[in-house]
Amino acid sequence: GRRPLLDEDVSFMLKKTPIRNKGSTKFFRSMHEEGIISFTEYLFLLCILTKPHAGFNIAFNMFDTDGNQRVDKKEFMVLQEIFRKKNDKRKEKEEAEGVSAVQKYGRQKEAQLLAEGDVQDTTLLVHLFGVKGTDDLNFQEFYKFMDNLQTEILELEFLEFARGMPTISEIEFAQILLRYTHLPDAAHDAIIERLKDRIPEEKGITFDQFKPFFQFLNNLDDFAIAMQMYTFANQPVEQAEFKRAVKVSTGIDLAPHVINTVFQIFDEDGDGKLSHKEFISVMKDRIHRGFRSHLIKHEGWDGYKACVVHEMRQAALHQ
């Protein structure tokens, strides 16, 4: 729930912020409820989650306005203004979608403070630039922070289903893969049942196999280009071609068992070939991680039924 923060509460939180050298894939988890971020930092972190590693260098160079290969606090704060302006353009759309007055007030207040040069320090700013705000970071440090964040979120998703075990089942992998997509309930359930039939004996998927696949999903646009080559040549996409296309377009080497599991999920007729257009379409839904779910309007009785079905499914996943 919400709780008011006094100045001394904020000071206490900031003093507990780990220095950048102590950053890890457990950084956000270790803070529990003793960390603060601004709304525009929240948008920035969401952006990182779906950014391919190849895009990290582009992001760094965008921040590095003076070209000295280092980013200081002032350059990083440009991010706030960029995201603020981007959200100003969405104002009318958000009002139509029911964005709360509290959210809008928070954004307006933050924009006012930024314009006045009086920006509240946050856990993220202190972590990256030190208590005094005089530190800067190079690309390697920037890359490490972004990679750690992606890994931490993937670990949380994996551990939610692993329940202390070193592997998740193929069914659980499919549930994670499909959890934020907009597939109809019947299509979702059909995929799970099909997977149970095709992989009756659980082999399991480790985190070291799980992580590269979900990093690959952040490179779907490059992968789609590689897939078009097979389309133009009228070649079917089988597991060997899929593995090679992923490697060529992203540099990521996927485990054969993960590729086989993906094929069993998306190969509807069981001919060993993938409908890559359907795969890419569904996965583009997935990489938004449900952040666009508020755009789907459920009203009246149909909306109530959709809500009940969704909650029952989520409860079933965690039994």
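For the stretch 119-261, carbon and sulfur atoms together expose 53% of the accessible surface, with a 1.4 angstrom probe and every protein chain in place.
Centre-to-centre separation between the Cα atoms of the stretch 142-171 and those of the stretch 211-251: 23 Å. Whole-Hz Karplus values for the stretch 163-171 come out as 6, x, 8, x, 9, 10, 7, 4, 5 Hz, taken residue by residue from phi with 6.51 cos²θ - 1.76 cosθ + 1.60 and θ = phi - 60°; glycine and proline positions read x.
The values are calculated or read from the model by the stated rules, or taken from the named source; none is laboratory data. What you see is a predicted model; the values in this text were computed from it and never measured. With ligands, DNA and RNA removed, areas are computed over all heavy atoms of the protein, side chains included. Shrake-Rupley method; radii C 1.70, N 1.55, O 1.52, S 1.80 Å.
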